[in-house]
Every structure is written in C-alpha cells, then in structure tokens.
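The values are calculated or read from the model by the stated rules, or taken from the named source; none is laboratory data. Quantities reported herein were computed from a predicted structural model and do not represent experimental measurements. Every residue, glycine among them, receives a Cβ derived from its backbone with ideal geometry; neighbour counts consider all protein chains shown.
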Amino acid sequence: MSIEKTRPPHGGHGDQGITVLLRRMHDAVALEASAQERLDHLTKAIASHVVADVCSIYLRRPGDELELYSTEGLNREAVHKTRLKWGEGLVGLVAENHRPLVTDNAPHHPAFAYRPETGEDPLHSFLGVPLIRSGKTLGVLVVQNKAARQYTDEEVGAVQAVATLLAEISASGELLSREETAVVGEMLHGPERLKGYPIVNGIASGQAVFLQPPAPKHKVFATDAAGEAARLEEGLNNLRASVDAMLAQNAGLSGVSRELLETYRLFAYDRSWKERLRSAVFSGLTAESAVEQVKNENRARLLQARDPYLRERMHDLDDLSHRLLRHLSGEKNGARRALFDRTILLAREMGPAELLEYDRNALKGLVLGDVSATSHVAIVARALDIPMVTGLGEAIDRCEEGDAVIVDGDAGEIHIRPTSDVIEAYRAKREFQSERQAAFVKERDLPAVTKDGVKVSIMLNAGLALDMPHLHETGAEGIGLFRTELQFLIGSQLPSVGSQKALYSEVLKLAKGKPVVFRTADIGGDKTASYMDHGNEVNPAMGWRGLRMAVDRPGMIRPQLRALIAAAAGRELYVMFPMVTLPKEIDDARALLDLEIERAKRSGAELPKAIKIGAMIETPAAAWRADLIAQKVDFLSVGGNDLAQFYFAADRDSERVQRRYDPMNPGFMSFLKTCVEKAAKTQTPLAYCGEQAADPVTAAAFIGLGVRSFSAPATSVGPFRRMTRSLDAGRIAAWLDERLPQPFETLRPQFTKFLKDSGVALE
Ligand code: PEP
Ligand code: MG
C-alpha cells in the first residue's frame, strides 16, 4: 500500500497551495518587525490563502478570556479590545469544545454573541479552529466570509494545519513577545489534576518519563532550507537503514507480524512521503517541523478513513515519524533512556514484559491509557506494589518529560506539576497510610475467623522472589498462586531448567515452610514472550495458551516440571495447571508430570515428599464441570480474572468493557456458587485467586457464596483479615440467597450498605 493513494486535504490550492502558505507564514514570522506586525502579516497571509473576507486570531489570556489579537477584515479598533469568555460566542465555544466549528449562518447559531465594535454584521460563514498545544487550547483561529457558504473538508483541513503551526510558534517564542510567550508557557505548565481509574493502590511521586520517548524539542522555521533538506535526507537514510536492520533481525517472523513489518518498511521508503517532507522544508520549515506537519496531515486524513486497516496504519506513520525525529536529533534509535531516581512512567498502553524491563528501584508510579485492573500489566504492577492509575492516555499530551507528577492510586487521579499545598497534602496522606499499614502488621497473627466461627484462609499471589517478604509481613498462610510465567517474560529466551530451579528453590526457602502453589507457565493471551511464535491468532486470550500450549509442546512444560520436582526435593510440591477446559486435559498434564517423576527416580534424585496437583477454573467449561475436574486433582483454584472475562465475554484488558460488568453481578455470583458447590460435593478444596478478591466488598460476598480460601495481592491481606473478623458469614449467605435470582446489574451498592450497617470493617 502506498501513502500516495490517499492524499490528504490541503485546502483549495492542493499541495502547492499549502507550500506557498507555509512560505508566507515563514516570511511573516521572520520579519524584522514588532510582534504585532508579524502577527498581522501572518493573519493577512492566511486570509488570502483561504480566500476569506476575514481572518482573526484570538489568544487565550489569564482568566480564560479570549482576546482578539489580530485581524484581517474586522474593524482594527477591536484588536485587544474584543474579549470573549470561555464558552461565550462561537469563538468561546470552539475553545471550550477543543473542536472546529463550521456554519454558513453564524448570526443564527444559538451560541452567536454580537460584538458591534468588530463590525462583523454582514458575515455569514464561520470556520473556527482551536490552537491546541499539549492538549490545551491556546486560542482560536477564525476565518469568515460574507456569503453564506459551507467550507469544504479540504479548507477545514488546511486551516487546521495552520492552527497547529500557530499553536506551536505561540509556545516556541518565534511569534509573540517575550512577556506573552511567558503567559502561554504558564498556561501550558500550570498545575493540573486528571481523573482516571484506580488500579493499584498507593501514592507515588516522581518525574514523568514516557514509555514512547517524546519528539525532541526543535524550532519551527529555518533560515537555511538547503541545509535542512540535507539534514532531512540524512535522517531519512538513517531511518531506512534502521528499519532494514529491524527486518533483518526479525527474519524468523511469519504471518501477520511479518506483513506488518513489511508494510512499515514500505512506508519508510515511500517516495511521496519524502517529496512532501522536502516540499515542507523548502517552504521554510525545519526538518523536524516538516515531519510534524506531514504527520498531522496524514493523521487528519486517516482519521476520516472508514477502512479500519487504514486507520490502524496511522500508528505506523506516527511511529515512523517519531523515529525520524529521533534520527534528526541524533539520538540512538530505540535506546532506553536513563530514568529519574523517582520515575513515574506514562504510556497509552503497555505489556507486562515491558514493565519488567524497568529498574524496580527507580519506577515509582504508572499512568496508562485504556488498561483494566485484571490485565497482566496491572497484576505485575500490583505484585511490584507500584501505584497505578488508568484511563489517562491524555496525560502524555498534558505533561512533558521531567515534570513532577503525583499518582494517587487510591483515588484514581494524578497531579501534574502539583502546587506546594498538594504536595503537602499527599505527604500527610502517605504518613497516615504508613500508620495504617503498621496497624495491619500488628494484626497479622490474629486468626481470620468470622464472627460466626467460619475459618477463612488468606494466601498471597506472587510471581517474583521479590514478593516473598510480603508473605511474612502480612501473615498470609502461604502463596496461593505463584505465576511462574513472569520469569519467562523477562528474558529473551526460554529460561533454562537450572535458572527455573534456582528461582523455585529460592521461593521455597523464603517461604520458610509455608505452602507455595506453583502455577505452570501461562504463556499466551497478553503474556507473550518475544521468542515464541503464537502464529496468527485474532483472539489470543482464547487461543493457544496455558495448558493447551503445554500439552501440545511438552518441550516447554517438561523442563519446568523437572525444575519444580528438583526444587521441592524432600518437601511438598503443589503444581497447578492454568486454562483447563476439559477434564481430559488434566490426564494429559498428569502424564507429563509422571514422565518427569520417573525421570527423577531413574536419576536417583530425592523426590518431593508429596506432589499435589491442582486445576485452575478459568473457563466456563471448567466451572460447569468442576465436579468432574475435581475428581482428577487434589485442589481447585478459581482464576476469576479469566473466568469473568469468559463469562461476560468481556476482554479483561479493556477498561471500557470491564467497567460494564461487575463480578458482583448476581448472575456471575450464582455461577460461581454453583461451581463452589460442585467442588464441595467431591470434598475437593477450592480457593479463589482472581484479583477481584483484593476488594473487601467483593471478597465478603464470595465468603457468603461459600468460598473459604483466597489468594490475593499482598496489600489486600491486612484489610481482608480485618473484614473477615468483623462479619457474620451466615447472615451474608442468607442476604445473598434472597437476591441472587434477581436481575440486578450489580449488588454492589446495596451490599456495601448492608455490610456497613452490619458494622463490617471495609477500610
Ligand atoms: C485468573 O485468571 O484469575 C488468574 C489468577 O490467572 P491470571 O490472572 O494470571 O490469568
Ligand atoms: Mg488466568
């Protein structure tokens, strides 16, 4: 596919037109004149380019007023006099909505505000475009015509391109006076509070770092076009060489991944892309600005594309532009930059493996886009105790690398460039939390028994040796789920038997006799290792993962079982299999385990004292037949993250769909209850190890359903024990029994009230 096929809108003048306009803008900005004169030249250039009767620039002033700064066509007396409030009139509406507004009958628009001093009475057509920088509106660019006419998409596109440049030069100091540039700077760099969703509790403060490095700072206009063209040429050559190298390195890739890389390469070599970059440079832009300009044009065009494939390609083009910008700045492509001592990492999306690559000591907080609480990156962040907030992809546009950021993982919000008051308030909050934590430590030896005498067992979820101290700090009874795949995700190749055994031995040693349930590697879904080829799967969460992959490719699970048997010599070994779907799969897994036991016996090695095997209940198929699966194993563990995902058919990684379906939905809870009862009939112990149990309200409900053993993240153990000791399991069961058959969306609000009224400790 070539970029050529889908050319962008460039205004009524085509490619040549925008180049001419850019050159005129360049000349206006380069004038030896006052800031006001330069601005007026610029306004004139834009007006004549789009054949408008009027072109005006309104800039945002302190107090969120929009002041007319320059005009071609309106009464000049109105400049610096006409001011509109945020949201007032059409101009105010454009600013407030962050969106262009087009109308062919401005005076009849409900938001129209009449300003006699401007003399705009006979103007009918109106096109207003916000000047946006770092996600904030800095002003509004307006074009107007006397005749009632609709501006074409192409015209809107051209004015938008100009507005982007205007916003950029307003902030860069190339257009406004020093004082006014400082006002813009304050607007861009003032304190901000953004509200998202709480995913991992806790508070962290530090400096912003972007997973995807931002474009290096640069000037917008250049004086030496030939020099810029030469820089562009060199940057492009380096970019192409690096894409070729990337392709060569991944020569083993096949299917979709290969195709994507090939497309990426095609883009890098696209001639029309190069031509458009060159033409922007010859119109007076720096090579960097040319890249931004062409990228924005492509974005505007591809955003309108109906074809999702084309829209997807926007990311490729963005990424390619980013790489080119880094080449232009001489940065080594892809080199991971040094982190601050206290880093808050921001990304629109991120996988668990990427998170594990960061230095644990420096990484203090995470701010992500559309990522849910049960996604694996969230689970890893929870295991590492890194406060995390999601739903904040926009945060990247709102701050710069190095800015101070506070992540409030309890409230689900972040503070960018916080004021001293906010910093102080959080210091006090942190102090209070450590006191609270200390109180939980004091309670760690108290038995987790409900008021009506029901014993509940609380274990820990873990995945790294680093998690093990929490076992003793929290007083948890053991590790109910050790996610062994984390070790598989960190490296660039399959871990050796020796390194697996070393990890398991260390974990068992650190457990000091408490039981540890090792879950065999659940690779697949969102936990893919770079060295594994999963083929072409559209739905990897329902694809070749967990036990399915293990029994098909024993070369992976057998060495792992070997390492587990060796590490547990002389002690009890608990092995659990993930993503069980049919009872027969347990037979297959057991057969592989038997082969390894035989092998260990033959070699004369000491065997574990006992080997207990468990099945995870993560698919509705397994939950439905829990009794049959139970007969083949020693214990069961409900993986509620996956079970809820498949019950609701709602991707666990997507915050958007996760928010729709609550595990406290009576349908899901009655499904769970049936599963618990099926296991109980066979007298097989059952635990619940989904992340949902980290929430004390949900956990209290599950106790009411008959779950008696849980495995949860370390931070939730203290509150869980306190909650258990303050409730009456029998009363909860009765309360739920009445409501489970009813069609509520969720029982959460009424159940929370019931718990509070009953004096159950939820804090
Ligand atoms: C689960 O699915 O609930 C579970 C515990 O396993 P994981 O989160 O690792 O998929
Ligand atoms: Mg799972």
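With the requirement that a residue be of a type in the set (Ser, Thr, Tyr) and either without any contact (Cβ under 8 Å) to a residue 40 or more places away in the chain or within 16 Å of Ser321 (Cβ to Cβ) (or both), what does the stretch 218-251 give you?
Result: Ser242, single match.
Looking at (1) over 34 Å from the mean Cα position of the chain (by Cα); (2) within 16 Å of ligand 1 (Cβ to nearest atom); (3) surrounded by fewer than 23 Cβ atoms within 10 Å (Cβ to Cβ), which one does Arg571 not meet, given that it meets all the others?
Looking at each condition in turn, Arg571 falls short on (2).
Got at least one residue in the stretch 455-470 being more than 32 Å from the chain's Cα centre (by Cα) and surrounded by fewer than 19 Cβ atoms within 10 Å (Cβ to Cβ)?
Yes, the stretch 455-470 contains a residue that is more than 32 Å from the chain's Cα centre (by Cα) and surrounded by fewer than 19 Cβ atoms within 10 Å (Cβ to Cβ).
Can you name every residue in the stretch 574-592 that is surrounded by fewer than 21 Cβ atoms within 10 Å (Cβ to Cβ) and not β-branched (Val, Ile, Thr)?
Residues of the stretch 574-592 that are surrounded by fewer than 21 Cβ atoms within 10 Å (Cβ to Cβ), as a first pass: 581-584, 587-588, 590-592.
Within the stretch 574-592, Leu582, Pro583, Lys584, Asp587, Asp588, Arg590, Ala591, Leu592 qualify.
Criterion first (more than 24 Å from Ser125 (Cβ to Cβ), in a loop (DSSP other than H, G, I, E, B) and at pLDDT below 90) does Gly12 satisfy it?
no
Ala589 - would you say it is within 16 Å of ligand 1 (Cβ to nearest atom) and in a helix (DSSP H, G or I)?
no
Here are Gly604, Gly570, Gly614, Gly543: which of them is of a type outside the set (Asp, Glu), touching a strand residue (DSSP E or B) at 6+ places or on another chain (Cβ under 8 Å) and modelled with pLDDT of 95 or more?
After ruling out the rest, the residue left standing is Gly614.
When residues of the stretch 134-162 are filtered for being aliphatic (A, V, I, L, M) and modelled with pLDDT under 90, how many remain? Working first, answer last.
To start, the set of residues in the stretch 134-162 that are aliphatic (A, V, I, L, M) comprises 138, 140-143, 147-148, 156, 158-159, 161-162.
From what is left, the residues that are modelled with pLDDT under 90 are 147-148, 156, 158-159, 161-162.
The total comes to 7.
Would you check if Val129 is hydrophobic (A, V, I, L, M, F, W, C), part of a strand (DSSP E or B) and out of contact with any Asp or Glu (no Cβ under 8 Å at 6 or more places or on another chain)?
yes
Helices (runs of 4 or more DSSP H) wholly in the stretch 634-715 with at least 2 residues that are under 25 Å from the mean Cα position of the chain (by Cα) and farther than 24 Å from Phe518 by Cα - which ones?
Working: elements: 640-648, 655-658, 666-681, 696-705.
In the stretch 634-715, the matching helices (runs of 4 or more DSSP H) lie at 640-648, 655-658.
Results for (1) at positive phi; (2) part of a helix (DSSP H, G or I), shown as yes or no for each residue.
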position: Glu77; (1), (2): no, yes
position: Gly87; (1), (2): yes, no
position: Gly92; (1), (2): no, yes
position: Glu96; (1), (2): no, yes
position: Leu123; (1), (2): no, no
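Which residues, counting only those in the stretch 643-654, are within 13 Å of ligand 1 (Cβ to nearest atom) and touching an Asp or Glu at 6+ places or on another chain (Cβ under 8 Å)?
Leu643, Gln645, Phe646, Arg652, Asp653, listed by residue number.
Within the stretch 63-109, can you find the residues that are closer than 18 Å to Pro130 by Cβ and in contact (Cβ under 8 Å) with a residue 60 or more places away in the chain?
Leu66, Tyr69, Pro100
Could you check how many residues of the stretch 479-502 are of a type in the set (Gly, Ala, Ser), assigned to a loop (DSSP other than H, G, I, E, B) and either closer than 23 Å to Arg436 by Cα or within 16 Å of ligand 2 (Cβ to nearest atom) (or both)? Before the answer, list the steps.
Of the stretch 479-502, the ones of a type in the set (Gly, Ala, Ser) are 480, 491-492, 496, 498-499, 502.
Retained after the next criterion (residues that are assigned to a loop (DSSP other than H, G, I, E, B)): 491-492, 496.
Keeping just the survivors that are either closer than 23 Å to Arg436 by Cα or within 16 Å of ligand 2 (Cβ to nearest atom) (or both) gives none.
The qualifying residues number 0.
Out of the residues in the stretch 524-540 that are out of contact with any Gly (no Cβ under 7 Å at 6 or more places or on another chain) and surrounded by fewer than 23 Cβ atoms within 10 Å (Cβ to Cβ), state the one that is modelled with the highest pLDDT.
Asn539
Report every pair of residues separated by at least 6 positions or lying on different chains whose Cβ atoms are under 9 Å apart, first residue within the stretch 442-469 and in a strand (DSSP E or B), second of a type in the set (Asp, Glu).
Close Cβ pairs satisfying both conditions: Ser457/Glu477; Ile458/Glu477; Met459/Glu477; Leu460/Asp467; Leu460/Glu477; Asn461/Asp467; Asn461/Glu691.
For residues that are assigned to a loop (DSSP other than H, G, I, E, B) and of a type outside the set (Asp, Glu), scanning just the stretch 592-627, find the one that is farthest from ligand 1 (Cβ to nearest atom).
Across the stretch 592-627, the extreme among qualifying residues is Gly604.
What are the pairs, 6+ residues apart or on separate chains, where a residue within the stretch 555-569 that is closer than 13 Å to Lys609 by Cα has its Cβ under 9 Å from a residue that is among the hydroxyl-bearing types (Ser, Thr, Tyr) and outside any helix (DSSP H, G or I)?
Filtered contacts from the stretch 555-569: Leu564/Thr484; Leu564/Thr520; Ala568/Tyr574.
Mind checking which residues of the stretch 719-760 are within 14 Å of Met664 (Cα to Cα), assigned to a loop (DSSP other than H, G, I, E, B) and not aliphatic (A, V, I, L, M)?
The answer is Pro741, Gln742, Pro743, Phe744, Glu745, Thr746.
Given (1) surrounded by fewer than 22 Cβ atoms within 10 Å (Cβ to Cβ); (2) more than 16 Å from ligand 1 (Cβ to nearest atom), where does Ala630 come up short, assuming only one miss?
(1)
Any chance the stretch 492-515 includes a residue that's within 30 Å of Ala650 (Cα to Cα), touching a strand residue (DSSP E or B) at 6+ places or on another chain (Cβ under 8 Å) and in contact (Cβ under 8 Å) with a residue 12 or more places away in the chain?
No, every residue in the stretch 492-515 fails to be within 30 Å of Ala650 (Cα to Cα), touching a strand residue (DSSP E or B) at 6+ places or on another chain (Cβ under 8 Å) and in contact (Cβ under 8 Å) with a residue 12 or more places away in the chain.
Given the conditions (1) surrounded by 15 or more Cβ atoms within 10 Å (Cβ to Cβ); (2) more than 16 Å from ligand 2 (Cβ to nearest atom), and given that Glu606 satisfies all but one, which numbered condition is not satisfied?
(1)
Within the bounds of the stretch 655-677, is there any residue that is away from ligand 2 (no atom under 16 Å from the Cβ), touching a strand residue (DSSP E or B) at 6+ places or on another chain (Cβ under 9 Å) and over 25 Å from Leu736 (Cα atoms)?
So in the stretch 655-677, the residues away from ligand 2 (no atom under 16 Å from the Cβ) come out as 655-657, 659-662, 664-667, 669-671, 673-674, 676-677.
Keeping just the survivors that are touching a strand residue (DSSP E or B) at 6+ places or on another chain (Cβ under 9 Å) gives 655, 659, 676.
Imposing the further condition that a residue be over 25 Å from Leu736 (Cα atoms) reduces the set to 655.
Yes, the stretch 655-677 has at least one match.
Name the residue, out of Arg23, Arg38, that is part of a helix (DSSP H, G or I), modelled with pLDDT under 85 and of a type in the set (D, E, K, R).
Answer to the check: Arg23.
Yes or no, residue by residue, for (1) in contact (Cβ under 8 Å) with a residue 60 or more places away in the chain; (2) more than 14 Å from ligand 1 (Cβ to nearest atom); (3) crowded, with 17+ Cβ neighbours inside 10 Å:
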site: Asn641; (1), (2), (3): yes, no, yes
site: Arg656; (1), (2), (3): yes, yes, no
site: Arg660; (1), (2), (3): no, yes, no
site: Thr674; (1), (2), (3): no, yes, no
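Could you list, in sequence order, all residues of the stretch 338-362 that are without any contact (Cβ under 8 Å) to a residue 40 or more places away in the chain and in contact with a helix residue (DSSP H, G or I) (Cβ under 8 Å, 6 or more places away or on another chain)?
The answer is Leu355, and nothing else.
Cβ-Cβ below 6 Å, separation at least six or inter-chain, first residue in the stretch 743-763 and at pLDDT below 95, second crowded, with 16+ Cβ neighbours inside 10 Å: which pairs?
Within 6 Å, the pairs are Leu762/Pro696.
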